[in-house]
1. Just the residues that are crowded, with 19+ Cβ neighbours inside 10 Å and more than 8 Å from chain B (Cβ to nearest Cβ), please, taken from the range A:140-163.
2. May I ask you to verify whether A:Gln107 is surrounded by 20 or more Cβ atoms within 10 Å (Cβ to Cβ) and more than 12 Å from chain B (Cβ to nearest Cβ)?
3. I need every pair where a residue in the range A:21-50 that is within 20 Å of A:Thr150 (Cα to Cα) has its Cβ under 7 Å from the Cβ of a residue that is of a type in the set (Ser, Thr, Tyr), sequence separation at least 6 or different chains.
4. Collect the residues in the range B:18-68 that are over 12 Å from the mean Cα position of the chain (by Cα), more than 19 Å from A:Ile10 (Cβ to Cβ) and either of a type in the set (Lys, Arg) or outside any helix (DSSP H, G or I) (or both), keeping them in residue-number order.
5. Return the residues of the range A:124-139 that are basic (Lys, Arg) and more than 8 Å from chain B (Cβ to nearest Cβ); say none if nothing qualifies.
6. Take B:Gly7 and decide whether it is touching a Pro at 6+ places or on another chain (Cβ under 8 Å) and either away from chain A (no Cβ under 11 Å) or not hydroxyl-bearing (Ser, Thr, Tyr) (or both).
7. Quick test for you: out of B:Ala43, B:Ala38, B:Ala59, pick the one residue that is of a type in the set (A, V, I, L, M) and away from every other protein chain (no Cβ under 12 Å).
8. With the requirement that a residue be within 13 Å of chain A (Cβ to nearest Cβ) and at pLDDT 90 or above, what does the range B:10-30 give you?
Amino acid sequence: MGVWQRMTMIFRSKANKALDRAEDPREMLDYSYQRQTELLSKVRRGVADVATSRKRVELQINQLEQQSTKLQGQAEKAIGVDREDLAREALTRKSAVTNQISDLKVQLNQLQGEEEKLTLAQQRLSAKVEAFRTRKETIKATYTAAEAQTRINEAVAGIGEEMGDVGLAIQRAEDKTAQMQARAGAVDELIASGALDDMTQIGGQDDISRELEAMSSQSDVESELARLKSASHGGAIEGSSAAGALGAGTSGQPMQAGAEETPVQQPEEGRA
Amino acid sequence: MIVRILGEGQYDIADDALARLNSIDNDLGVAVESGDEAAFAAALTALHDGVRAAGTAHAPDSLDESDVILPPSGASIDEVRELLGDDGLIPG
């Protein structure tokens, strides 16, 4: 026997089992309709759940893309101050982030696919439930219990197949979403634990930023020193650099003034 | 004849397309039996494509039962075995 005959038989036998329960076949109509509307709510919830998962993955991709940009910037900055080791570290982390992003994009694609499938399943079921409702009222109004049996069987079996299909689609989507959520949780943890997120802290909480900042404040001190030196030097020799000396002087003068009072000089050394 | 592709909906198929689809279905059965995932995926895709090409969408608001029900696209052998509710071998 081929696959499709067997598949068909299994669906049929499930639908028939449901039919056996009712005493008055017309009660079966209401019972079935109630289950249909329940399934419709369930598939709507399913669509909402998949959408929530999708949004979460989208958010994570955004966060990781920001990290990637930041790491790129850090690498450039590190090269600018001639620290290849730091640049290498930043690029290594960026490559890990990039891998994570492409992984998440695959997941995002799958979730979008599931969301679309479930939405279509919802529309199909919705059309059939509406058709069933109309048929149900007609059957109840037109036939006695005995006469109605065959028509009820047909209607219930017809929609039973759709319900089996939609139930399966919901389950497939739930399975996919559960897998994604476990992985999305791991990414959240990774971001929260600092392995990745530390890199993006404004104010430079991570080691690369700290080093880059230390270096830039060091070079600030050096250039300040150089300015001070040239100011005092140039001021003694030449008046033509007065503009530059004055410019440096605006920041240099208070320090020089303070330099005469020893206590003020202390924090200056501490900062350097 | 009405064919349902699970997860996709129902199609009306002309009877003369049936022989060809039946032969693909046999390939599918062989692949399920042997556990050949690649052959299975190829046969399932061919079957779906055949149904979509030969069929027209059945009215969405009908309550007609399908004559034939096919596994959803992208299904694995394991999923189909699960759907068939057995250990994977066609019973005697």
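The values are calculated or read from the model by the stated rules, or taken from the named source; none is laboratory data. Keep in mind that what you see is a predicted model, and the values were worked out from it rather than measured. Here Cβ is always computed from backbone atoms with ideal geometry, including for glycine, and neighbour counts include all displayed protein chains.
1. Passing the criteria: A:Ala148, A:Ile152, A:Val156, A:Gly160, A:Glu162, A:Met163.
2. yes
3. Pairs that qualify, where the first residue is within 20 Å of A:Thr150 (Cα to Cα) and the partner is of a type in the set (Ser, Thr, Tyr), are A:Ala22/A:Tyr31.
4. Selection gives B:Arg20, B:Gly35, B:Asp36, B:Gly55, B:Thr56, B:Ala57, B:His58, B:Ala59, B:Pro60, B:Asp61, B:Ser62, B:Leu63.
5. A:Arg133, A:Lys136, listed by residue number.
6. Yes.
7. B:Ala38
8. If the condition is that a residue be within 13 Å of chain A (Cβ to nearest Cβ) and at pLDDT 90 or above, then B:Gln10, B:Tyr11, B:Ile13 are the ones that fit.
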